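Written out below as structure tokens is the structure these notes cover.
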Amino acid sequence: MRCLSRLLLLLIPFLGIAALRDSFKKIEVDLPGKYRMGNIDFVYMINLDHRPQKFADASIQLLKYEICPYRVSAINGWELTSKQLDQLGLTYVPGMTPLMATCYPEEADGAPSYEFMQEYGKVYFCHHMAKGTIGCYLSHLSVLQHAYDAGYETIWVMEDDILVELDPWILVDLISHLDALVGRENWDVLFTDPDYRLAKGQYAIAKGLPKRPDFDNSYEERYSPRYTMQVDVSPHFRRIGARFGAYSMILRRSGIRKLLDFAERHKLFLAYDLDNICEMRRYACRYDVVTQVPVVDAITDNGQSEINE
Amino acid sequence: MRFLFYLLLLSLVLGPMHGEELLFEGVWKEVLKTRTDSGNDAYLFLPFNPVIVMVGGYRSGKVKKLAKMYPKGQIFVFESNPEAFPALLKEVAFFGNVFVSNALLYLGSGTFPFYLYRDIYGEPFGSDLECSLLEPSEPLSPFLKKITNVYCLSFTNWCQSQKLFHIDYIDLDLGGCEWDLLQNISEILGSVSVIHIRTHETSFKRDTILFPDVKKGMEGLGFNLLSHWFCELGQGEATFIQRKIFDAMFK
């Protein structure tokens, strides 16, 4: 009986694939050609419905260059129910490493519960994973699913807190350049700036992986070269092992597939931009083309629910 | 002349205790430097329905904050200072998740002398409503106490009587007796995630265990220091978390 229950627990992660896709937002576009930009098939910008000013501030910077981003109505994570969250998070099963985590039990009426993982069969997210962050992850996955279903080869996905530093049309040339440099089939994501920026504008260089209960958390693995590398491959590009911030990414179809597969197989535990364990071939521009509004000036949508007032 | 001597002695004690510079140690040293309120790290580790035991709850502000944060929690508050208890009771009367007692949760049951600290003018000494089971040390003794009695409850027996087999958060402000209690309730600490205590870098009370020894002792009980802010040669507040949580987060 114990063996049977353990077997059932081990199968739980595989039973939720359909449930994950059910949480995606359906994206329907009337004139897809309007959002094309050279060799970029589609330009997306993710924005919450109650943040029209953020979308206006971000998109106007692109419209100056006659680039029209498609506004994706973001999933508001604060509106997700406990039942929905149970379909999205990671189920703790034997063999996983217990960590300090977050869950959203129904009896908590939407409040987070911070617990050390102990209960098999219970669904957890990483420590202090806010519902807003979960909504953001789902929004990105919704975009990826739309792009994959539409057959796009290259997409540009942005959040609504971007800062355009250079003419974004150079990205079209940079994509061609990267294709020629490493091979069209040999990269998955290109970040349009060197790294995530902190409040005072300094870069926060991502090296290594955060812990996940379902992966090898040894220091040697998490800080192995494939997750810590920072290799300049040309005056324009750097090959990187990990990266914070998903506010502006150019994705190839291979990268889209990898991200979707990873989320379906391993569920949502960490924030979208922290799950660097996914076997992506990451590159970053060595200078800011499109970066992020400094954090101190930005309005966060991942934080507290009071923004929903 | 004698009066001036004691006045000078008091100023030497009062000076460092009310030093304005805050010092920090612990894992979150850098984070703490930007904060003015150090006492609320516990919320980062608690479930939505925690069991909280506070010994020394006269600062009803903290009790009320916890009561609002955790409407489904249970908060047991013990405040033995007879001058603080009525105000505390009044402040938290409308919270259905707060249970208040005038007893002192400590090692054994019974009535014991209790010192309410006063300065030479009869005003509260040190932090407001400073009180303790510990006597003041000489030569400050004649000036610094008003003795009353307090009823103590054994922590262990009280947990058994309440059928409390699990506590998430313990908050202790026992006027220097924090370590005395903790080292004697080790069997209860297995379920505790977070312990927050008042600390002492020096003391005008006899037999106070100072923080460096408390820290070492806590490590022996399976708790690692998360954060500690304090005044040099004064008092402070420290948060400890259970080692398995500490290792999962920081190792």
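Just so you know, all these numbers are worked out from the coordinates, no wet-lab data involved. Given the structure is predicted, the values throughout are model-derived calculations rather than measurements. Counting neighbours? That spans all protein chains shown, and the Cβs are built from the backbone with ideal geometry, glycine included.
Please name whichever of A:GLY132, A:TYR148, A:ASN186 sits farthest to the positive end of the charge dipole of the stretch A:116-191, dipole taken about the Cα centre and charges placed at Cβ: Lys and Arg +1, Asp and Glu -1.
A:GLY132
Check the straight Cα-Cα distances from A:LYS267 and name the lysines below 25 Å, setting aside those fewer than 8 residues away within the same chain.
List returned: A:LYS25, A:LYS26, A:LYS83, A:LYS122, A:LYS131, A:LYS207, A:LYS211, A:LYS258, B:LYS244, B:LYS251.
Give me the dipole magnitude in Debye, nearest 20, for the protein assembly as shown about the Cα centre, with unit charges on the beta carbon: positive for Lys and Arg, negative for Asp and Glu. Kindly include the intermediate steps, with their values, before the conclusion.
Values: 57 positive and 70 negative charges, 178 e Å.
Roughly 860 debye, rounded to the nearest 20.
Would you work out if chain A is rounded, prolate or oblate? Take a ≥ b ≥ c from the square roots of the eigenvalues of the alpha-carbon gyration tensor; rounded if a/c is under 1.5, else prolate when a/b is larger than b/c, oblate otherwise. Spell out each step's value before the answer.
Values: a/c = 1.71, a/b = 1.43, b/c = 1.20.
Prolate.
What list of ³J(HN,Hα) couplings, whole Hz, do you get for the stretch A:22-36 from phi and the Karplus terms 6.51, -1.76, 1.60, once you set θ to phi - 60° and write x for glycine and proline?
Working through the residues one at a time gives 4, 8, 6, 8, 6, 10, 10, 10, 6, 10, x, x, 5, 10, 8 Hz.
Which shape class applies to the stretch A:38-81: rounded if a/c is under 1.5, otherwise prolate when a/b exceeds b/c and oblate if not, where a ≥ b ≥ c are the square roots of the Cα gyration tensor eigenvalues? Spell out each step's value before the answer.
Working: a/c = 5.15, a/b = 1.75, b/c = 2.95.
Because a/c hits 1.5 or more and a/b fails to exceed b/c, the stretch A:38-81 counts as oblate.
Per-residue Cβ counts within 10 Å, from other chains only, averaged over A:105-113: what number is that?
Details: counts 3, 0, 3, 5, 3, 1, 7, 2, 6.
Mean inter-chain Cβ contacts per residue within 10 Å come to 3.
Within 10 Å of each Cβ in A:138-148, how many Cβ atoms from other chains are there, averaged over the peptide?
Numbers: counts 0, 0, 0, 0, 0, 0, 0, 0, 0, 0, 0.
Taking the mean over all residues of the peptide, I get 0.
Of the peptides A:145-157, A:216-228, how do they stack up when ordered by the mean number of other Cβ atoms within 10 Å, highest first? Could you put the intermediate results ahead of the total?
Details: A:145-157: 18.4, A:216-228: 13.2.
Ranking, from highest mean packing down: A:145-157, A:216-228.
Let me have the 222 nm mean residue ellipticity of the protein assembly as shown computed from DSSP H runs of 4+ only, each contributing -39500 (n - 2.57), with the sum over all residues rounded to the nearest 500. Walk me through the intermediate numbers first.
Working: 17 runs with 159 residues, N = 560.
So the helix-based figure for the protein assembly as shown works out to -8000 deg cm²/dmol.
For B:CYS159, A:CYS68, B:CYS131, what ranking results if the residue with the fewest other Cβ atoms within 10 Å of its Cβ goes first?
On the way: B:CYS159 19, A:CYS68 16, B:CYS131 28.
Fewest-to-most Cβ neighbours within 10 Å comes out as A:CYS68, B:CYS159, B:CYS131.
From the phi angles alone, apply the Karplus equation (6.51, -1.76, 1.60; θ = phi - 60°) to the stretch A:78-87 and give each ³J(HN,Hα) in whole Hz, x where the residue is Gly or Pro.
My calculation for the stretch A:78-87 gives 5, 9, 6, 8, 4, 5, 5, 5, 5, 7 Hz in order.
What angle do you read, to the nearest 10 degrees and between 0 and 90, between the alpha-carbon axis of helix A:2-11 and the longest principal axis of chain A?
Taking Cα atoms only, the helix is inclined about 10 degrees.
Tell me, B:LEU66, B:LEU107 in order of fewest to most beta-carbon neighbours within 10 Å?
Values: B:LEU66 26, B:LEU107 18.
Ascending number of Cβ neighbours within 10 Å: B:LEU107, B:LEU66.
Would you pull out the residues with amide H under 5 Å of A:ALA74's amide H, same chain only if 5 or more places away, H placed 1.01 Å from N?
The list, which skips near neighbours in sequence, is A:ASN47, A:LEU48, A:ASP49.
Using the Cα gyration tensor of the protein assembly as shown, with a ≥ b ≥ c the square roots of its eigenvalues, what is the shape: rounded (a/c below 1.5), prolate (a/b larger than b/c) or oblate (neither)?
Note, shape of the protein assembly as shown comes out prolate.
Straight-line reach from A:LYS200: which aspartates and glutamates have Cα under 19 Å away, leaving out those fewer than 8 places along the same chain?
By straight Cα distance, A:LYS200 reaches A:ASP161, A:GLU165, A:ASP288, A:ASP297, B:GLU30.
Need the C-alpha centroid separation for the stretch B:71-111 versus the stretch A:89-157, integer Å.
39
Considering every residue in B:242-249, what mean count of other chain Cβ atoms within 10 Å of its Cβ is obtained?
Mean partner-chain Cβ count within 10 Å for B:242-249: 4.
What list of ³J(HN,Hα) values in whole Hz, one per residue of the stretch A:158-170 in order, does the Karplus curve 6.51 cos²θ - 1.76 cosθ + 1.60 (θ = phi - 60°) give from phi, with Gly and Pro shown as x?
10, 9, 8, 10, 7, 9, 7, 9, 10, 4, x, 5, 5
If we count other beta carbons within 10 Å of each Cβ, what is the order of A:LYS34, A:LYS26, A:LYS258, fewest first? Kindly include the intermediate steps, with their values, before the conclusion.
Working: A:LYS34 11, A:LYS26 7, A:LYS258 19.
Lowest to highest Cβ neighbour count: A:LYS26, A:LYS34, A:LYS258.
Kindly provide the pair-distance distribution of the stretch B:199-251 built from C-alpha pairs, with 10 Å bins from 0 and whole-percent values in order of increasing distance.
Percent of pairs per bin, in order: 24, 48, 23, 5.
Give, rounded to the nearest 20 debye, the magnitude of the charge dipole that the stretch A:147-237 has about its Cα centre when Lys and Arg contribute +1 at Cβ and Asp and Glu contribute -1 at Cβ.
Values: 8 positive and 18 negative charges, 100 e Å.
With only Lys, Arg, Asp and Glu charged at Cβ, the dipole is about 480 debye.
For the protein assembly as shown, with the dipole built from +1 on Lys and Arg beta-carbon atoms and -1 on Asp and Glu ones, taken about the Cα centre, which of B:THR148, A:ASN276, A:ASN47 lies farthest toward the positive end?
Going by the Cα projections, it comes out as A:ASN276.
Starting from the amide H of B:LEU153, placed 1.01 Å from N in the peptide plane, find each other amide H under 5 Å away whose residue is 5 or more places distant or on another chain.
Result for B:LEU153 returns B:LEU104, B:LEU105, B:TYR106.
Using unit Cβ charges (K, R positive; D, E negative) and no other charged atoms, how large, in debye to the nearest 20, is the dipole of chain A about its Cα centre?
820
Which order do peptides A:162-169, B:45-52 fall in by mean Cβ count within 10 Å, highest first?
Details: A:162-169: 17.5, B:45-52: 21.5.
With the highest mean Cβ count within 10 Å placed first, the list reads B:45-52, A:162-169.
Mind pulling the angle between the C-alpha long axis of helix A:253-266 and the longest principal axis of chain A? Nearest 10 degrees, somewhere in 0 to 90.
For helix A:253-266, the angle is close to 20 degrees.
So who's got an amide H within less than 5 Å of the one on B:MET54, skipping anything under 5 residues away but keeping other chains? H placed 1.01 Å off N, in plane.
The list, which skips near neighbours in sequence, is B:PHE76, B:VAL77, B:PHE78, B:ASP171.
First measure r as the distance between the Cβ atoms of A:LYS207 and A:GLN84, then evaluate 1/(1 + (r/R0)^6) with R0 = 56 Å and state the FRET efficiency to the nearest 0.05. Mind dumping the intermediate values first?
On the way: r = 34 Å, r/R0 = 0.60.
The value I calculate is 0.95.
Can you give me the orientation-averaged projected area of the convex hull built on the Cα atoms of the stretch A:50-159, in nm²? Intermediate values should be presented prior to the final figure.
Details: hull surface 36.8 nm².
Average of the hull's projected areas for the stretch A:50-159 equals 9.2 nm².
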